[in-house]
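These notes concern the structure reproduced below.
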Amino acid sequence: MVDDGIGTAASGAPAGGRGIVGMSERAAMLGGTLSAGPGPDGGFRVEALIYVGESTVKTHVKRILMKLALRDRVHAIVFAYETGLLVPGDEN
């Protein structure tokens with residue numbers, strides 16, 4: 001996540017959680033890492049690397065396909081183009 005530093009004023013609502021420390025602990029608990037600090041162009045950068053096993057990925061893909069009523073990954077790609085999630089020729 002990158003924040004350009006040009007945000008709106010804080011709402012004054014109490015913050016929940018434990019901030020960067022809490023996110024670092026959660027990433028470590030999952031076997032990953034978290035880094036945070038000033039972004040190269042200003043603002044603030046948070047990067048988390050969380051490692052997941054192949055079976056976890058397969059389970060999540062299967063559930064997504066079920067929720068979207070799609071038969072397989074090919075149909076997911078067709079769905080993405082039809083709904084505008086993917087645009088032909090767009091490299092992003």
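The values are calculated or read from the model by the stated rules, or taken from the named source; none is laboratory data. Predicted model, so just to flag it, every value in this text is computed and none were measured.
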Within the stretch 56-72, the count of residues that are at pLDDT below 95 and over 19 Å from the mean Cα position of the chain (by Cα) comes to 0
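Taking the stretch 16-56 on its own, how many of its residues are assigned to a helix (DSSP H, G or I) and basic (Lys, Arg)?
First pass over the stretch 16-56, keeping only residues assigned to a helix (DSSP H, G or I): 19-29, 54-56.
Of the ones still in play, those that are also basic (Lys, Arg) are 26.
Counting residues in the stretch 16-56 that are assigned to a helix (DSSP H, G or I) and basic (Lys, Arg) gives 1.
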